[in-house]
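Working notes for the structure below.
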Amino acid sequence: MNGVNLKSCCCHFSVGMFPVQKEVQVTVIGKVFKPNTWKILALNRCLEQYFGLVKWYLQFKSTSKSFLHKNGYGEAKQRFNLNTALIQTARDKAVEILKSFRKNKKRDSVLTVKRISIRFDSRCYTFSKTTNVLTPYWLTLSLDGRRRISLPVIFGEHQRKRIEEAFSQEWQFKTVEMVKKKGVWCAHFVLSKTILFSEPETVVAIDRGEVNFAVSVAVSKTNPKKPLRGQFWRGSSVKRVRGLYNHIRRKLGQKKLVSKIKDVGRKEKRRVNQQLHIIANQVIEYAKQFSKPVIVMEDLNGLRSGMHFSKKMNRRVCTTPYFKLQQYIEYKANLKGIQLKYLTKKETKNTTKECHRCGYVAPKVNGRIYKCPECGMEYDRDLNACINIAHRVMSSMRWGSREPPRTLK
Ligand SMILES: [Zn+2]
């Protein structure tokens with residue numbers, strides 16, 4: 001997972017709010033390199049305690065940190081063998097999980113937490129570069145009152161570049177999430193940077209299409225009435241990969257080869273993600289050609305904090321390629337210092353049904369071409385929707401696109 005957290009991008013754009021300072025975050029993942037047995041045991045024990053503590057905090061069913069602190073901290077300290085900082089991050093985690101669950105919950109769903117990572121903040125970890133030959137990167141964690149362990153960490157090429165940037169103070173180290181996946185421990189470093197954004201001059205809207213995998217359009221401040229050239233991503237490579245693997249899976253299913261199906265699933269995921277990375281890069285390139293761009297997308301879900309609920313719930317949104325694409329775009333936009341704004345579902349209402357030129361809202365849209373009965377405009381349906389998304393942001397910045405939308409009586 002390329003975990004992305006953006007605390008600050010959900011605020012509204014309004015006139016006079018610029019320049020605005022925003023904190024953007026990216027996550028860099030490294031692998032713990034050949035830890036010895038007692039270190040693994042110590043980590044496992046810590047995870048067990050931490051997981052227990054998060055669940056214990058969840059029993060309070062409260063999203064108030066001060067309430068949990070007042071009523072839980074003393075007992076937590078007695079019951080769980082963890083240092084003070086970890087007790088606090090466990091409490092914060094419980095609050096995040098509960099909030100996210102309540103926001104996304106379906107009827108009758110029960111909160112079950114299957115997996116969790118241990119969050120270390122600056123009080124309980126140090127990360128340093130040494131002259132060690134195996135790997136220069138060493139992470140020291142305080143687990144409980146007395147115990148500290150030092151772990152060598154290795155990075156892939158891209159990730160290493162980012163970590164080096166953090167050592168040269170381009171990014172700041174925030175927290176480290178220790179994640180255990182299939183018996184392997186990884187360290188997820190959350191890095192942050194404060195960027196001063198000036199008022200955007202181009203709105204770059206990205207939307208998923210009915211036929212096109214993604215479509216984007218740019219509208220500039222100097223000529224808001226005339227959208228600039230759009231770009232389509234048919235996503236045929238993604239569809240091809242998915243189609244191929246669906247076929248393979250069906251075949252294996254007939255032969256009841258369950259473990260093979262899982263292997264195939266992993267391979268598929270890797271190949272799809274590769275394609276999504278390519279598309280995300282192209283989206284960023286597209287945005288970068290315009291002056292002071294802001295990328296605007298619909299937020300598919302409030303679920304963006306890397307929480308792990310039941311498998312079913314995770315699968316529902318997190319694994320759709322489009323959601324992944326959004327995550328990648330967000331990650332890359334943060335790296336490049338490009339502004340990004342999410343619209344809620346409510347804010348993108350009727351974007352497919354509305355005529356971007358006159359604001360007429362059609363009860364239904366048939367076919368690939370949007371034909372407006374009011375003003376006679378004929379336009380590609382996905383592109384029309386995308387322009388409407390751009391308009392929603394533009395109106396909040398008072399770029400004045402057109403008359404307010406009218407609806408059919
Ligand atoms: Zn119209």
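The values are calculated or read from the model by the stated rules, or taken from the named source; none is laboratory data. As the structure is a computational prediction, the values presented were derived from the model and not from experiment. FYI the Cβ positions are ideal-geometry reconstructions off the backbone, even for glycines, and counts take in every protein chain you see.
The table for this structure:
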read-out: Selected residue (only one of ALA205, ALA166 is of a type in the set (Gly, Ala, Ser), surrounded by 14 or more Cβ atoms within 10 Å (Cβ to Cβ) and in a strand (DSSP E or B)); value: ALA205
read-out: The stretch 370-384: number of residues that are more than 13 Å from the ligand (Cβ to nearest atom) and either farther than 23 Å from LEU300 by Cα or in a strand (DSSP E or B) (or both); value: 1
read-out: Residues (over 19 Å from TRP56 (Cα atoms) and not in a helix (DSSP H, G or I)) located in the stretch 74-121; value: LYS105, LYS106, ARG107, ASP108, SER109, ASP121
read-out: Residue in the stretch 203-212 that is under 26 Å from ALA287 (Cβ atoms) and out of contact with any strand residue (DSSP E or B) (no Cβ under 7 Å at 6 or more places or on another chain) present; value: yes
read-out: Selection status of SER122, within 21 Å of GLN172 (Cβ to Cβ) and either surrounded by fewer than 14 Cβ atoms within 10 Å (Cβ to Cβ) or not assigned by TED's automatic domain parsing to the domain that holds HIS188 (or both); value: yes
read-out: Conditions (1) within 19 Å of PRO227 (Cβ to Cβ); (2) crowded, with 16+ Cβ neighbours inside 10 Å; (3) more than 9 Å from the ligand (Cβ to nearest atom); (4) of a type outside the set (Gly, Ala, Ser); number of the one not met by ASN334; value: (1)
read-out: Some residue of the stretch 335-358 being assigned to a helix (DSSP H, G or I), in contact with a helix residue (DSSP H, G or I) (Cβ under 9 Å, 6 or more places away or on another chain) and closer than 25 Å to ARG162 by Cβ; value: yes
read-out: Near pairs, Cβ below 6 angstrom, 6+ apart or cross-chain, from the stretch 55-74 (in the same structural domain as ILE97 (by TED's automatic domain parsing)) to any residue that is in a helix (DSSP H, G or I) and acidic (Asp, Glu); value: none
read-out: Within the stretch 146-175, tally of residues that are under 24 Å from HIS277 (Cα atoms) and within 19 Å of the chain's Cα centre (by Cα); value: 4
read-out: Residue in the stretch 122-129 that is in a loop (DSSP other than H, G, I, E, B), under 18 Å from SER142 (Cβ atoms) and among the polar types (S, T, N, Q) present; value: yes
read-out: Filter result for the condition that a residue is assigned by TED's automatic domain parsing to the domain that holds TRP185, surrounded by 14 or more Cβ atoms within 10 Å (Cβ to Cβ), of a type in the set (Lys, Arg) and over 28 Å from the mean Cα position of the chain (by Cα), over ARG45, ARG91; value: ARG45
read-out: Residues located in the stretch 242-260, provided they are β-branched (Val, Ile, Thr) and at pLDDT below 85; value: VAL258
